[in-house]
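The values are calculated or read from the model by the stated rules, or taken from the named source; none is laboratory data. From a predicted model like this one, the values you see are computed outputs, not experimental measurements. Ideal geometry is used to build each Cβ from the backbone, glycine not excepted, and the neighbour counts take in all protein chains shown.
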Amino acid sequence: MTASLQTLIATRIRQDVQSMHAYAIQDSKGLVKLDAMENPHRLPPELRRALGERLAGVALNRYPGDGVEDLKRALAKHAQLPAGCDLMLGNGSDELISLVAMACDVPGASILAPLPGFVMYAMSAHLQGLKFIGVDLTPDFELDEAAMLAAIEKHQPSIVYPPTRTTRPRTCGATPRSTRSSPPPPAWS
């Protein structure tokens with residue numbers, strides 16, 4: 001790296017971002033990675049062929065048109081999204097989590113999530129300069145509902161993330177709900 005490039009980076013990129021390290025991706029040959037939703041098995045040849053033919057007819061060189069709104073309507077209907085709510089689509093969860101953190105980046109804002117959990121919850125808070133509050137799961141990796149509710153009451157976070165898919169409770173929404181009573185709502189509220 002040249003001295004001028006080093007100077008440019010030092011004067012244009014925040015120090016905390018320069019100090020960050022990428023998280024390591026472990027070798028996963030032959031494994032099903034539940035934490036990354038990866039599958040070691042390839043799609044069957046006939047499905048790969050059909051997908052290739054379908055994608056060949058899509059104008060990938062253009063921004064999506066009305067098809068996005070059609071897709072959002074279909075997804076909202078499938079998820080039984082309440083009237084007045086909308087969906088936001090993105091290029092994976094990392095992008096959406098970052099956009100939500102950016103949208104909530106106001107003085108005093110914070111993000112709360114169970115730990116261990118998805119690394120992007122804390123990382124997006126850090127990158128936006130938001131306080132991150134982690135609430136430990138129980139020793140059995142169950143959601144500690146009392147601790148979550150107490151942390152929400154104490155910190156009044158702007159964003160509360162649900163447990164990740166790798167934890168047993170299936171809660172969803174802006175605030176935790178009992179996993180033993182009614183099922184969670186079909187979509188984030």
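Report, by residue number, each residue of the range 102-146 that is more than 21 Å from Ser19 (Cβ to Cβ), surrounded by 17 or more Cβ atoms within 10 Å (Cβ to Cβ) and either without any contact (Cβ under 8 Å) to a residue 12 or more places away in the chain or within 14 Å of the chain's Cα centre (by Cα) (or both).
If the condition is that a residue be more than 21 Å from Ser19 (Cβ to Cβ), surrounded by 17 or more Cβ atoms within 10 Å (Cβ to Cβ) and either without any contact (Cβ under 8 Å) to a residue 12 or more places away in the chain or within 14 Å of the chain's Cα centre (by Cα) (or both), then Leu112, Ala113, Pro114, Gly117, Phe118 are the ones that fit.
I'd like to check something: does the range 35-47 contain any residue that is surrounded by 12 or more Cβ atoms within 10 Å (Cβ to Cβ) and in a helix (DSSP H, G or I)?
no
Note down all Cβ pairs under 9 Å where the first residue falls in the range 1-25 and is closer than 20 Å to Ala125 by Cα and of a type in the set (D, E, K, R), the second is modelled with pLDDT of 80 or more and not in a helix (DSSP H, G or I), and they're at least six residues apart or on different chains.
These pairs meet every condition: Asp16/Gly129.
Give the residue, chosen from Met1, Met20, that is outside any helix (DSSP H, G or I) and surrounded by 10 or more Cβ atoms within 10 Å (Cβ to Cβ).
Met20
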